[in-house]
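Below: one structure, written as structure tokens.
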Amino acid sequence: DNVLANVQSGKADIAISGISATEERQKIFDFSDTYYESETVLVVKKDATGTYKQTGDLAKKSVAVQKGSIQENIAKANLSDANVVSLAQPGEAINELKSGQVEGVVLEKAIAQGYVDQNSDLAVSDITLKSDSKDAYAVAMPKGSDKLKAKVNKVIAKLKKEGKIDSYVKDAYALSLKSSTK
């Protein structure tokens, strides 16, 4: 939300931070072509994977999400009978899971996998979380940024064609693993 506020206030010309171009956001911002499509998953304690096989198994249970994220909306839509707890950071949500304060954490798949790889007691659940729209990331910019949008789209197309986006995602994932062990 803070990144988007900086674009809206004119402090930044673009925002690129895993931002989904939702219908609501498209009313306020122009968006580039998408550069990455993600999947939303549920992280649970490894020994609970057999307990939570479908969304209904989380009824009356607490599930954490990052406040203001697309995953927050997906969790509320898919887990309407659960208590969705919105927290500031994904790491905080993982700590709540590990301490038993929540039964699961809804995250973007690459982020979730990073936490699972670093925590042998966690696993990605088999529960499918559906979304009305693809969770695709795009660059946000102020309304009416036609020339800037065209330039950004040209760069995105080039990076996709060269396979650089996938490479960047892998590099960012590797960096996240290093920083989470410090």
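The values are calculated or read from the model by the stated rules, or taken from the named source; none is laboratory data. Bear in mind the structure is a predicted one, so any value in this text is a computation, not a measurement. Cβ sites come from the backbone with ideal geometry, for glycine too, and all protein chains shown count toward neighbours. The area values use the complete protein model at the heavy-atom level, side chains included, leaving out ligands, DNA and RNA. Shrake-Rupley method; radii C 1.70, N 1.55, O 1.52, S 1.80 Å.
Classify region 40-126 from the C-alpha gyration tensor, please: rounded if a/c falls under 1.5, else prolate or oblate depending on whether a/b exceeds b/c. It comes out rounded by the Cα gyration axes. For the chain, the mean projected area of the C-alpha convex hull, equal to one quarter of the hull surface, is 10.9 nm².
Distant-in-sequence amide contacts of Leu122, defined by a placed amide H-H separation under 5 Å and a gap of 5 or more residues or a different chain, comprise Lys46. A simple spin-label model places the labels of Asn153 and Asn83 4.7 nm from each other, with each point 7 Å out along Cα-to-Cβ.
Over the C-alpha trace of region 25-86, radius of gyration and Dmax come out as 14.5, 44 angstrom.
When the Cα positions of Ala136, Leu122, Ala110 are compared along the charge dipole of region 106-165, Ala136 comes out farthest toward the positive end, with charges on each C-beta of Lys, Arg, Asp and Glu. When the chain is treated as a GNM with alpha-carbon contacts under 10 Å, the residue of Glu162, Glu72, Glu108 showing the greatest mean-square fluctuation is Glu162.
Amide H contacts under 5 Å for Tyr36: Tyr137, restricted to partners 5 or more places along the chain or on a different chain, H placed in the peptide plane at 1.01 Å from N. Basic side chains Lys and Arg get +1 at the Cβ, acidic Asp and Glu get -1 at the Cβ, and with that the dipole of region 1-94 about its Cα centre reaches some 440 debye.
With protein chains left intact and a 1.4 Å probe, residues in region 9-105 average 53 Å² of accessible area per residue. Under the convention that each Lys and Arg Cβ holds +1 and each Asp and Glu Cβ holds -1, the size of the dipole of the chain around its Cα centre is about 540 debye.
For the chain, the fraction of 1.4 Å probe accessible surface lying on carbon and sulfur atoms is 47 percent.
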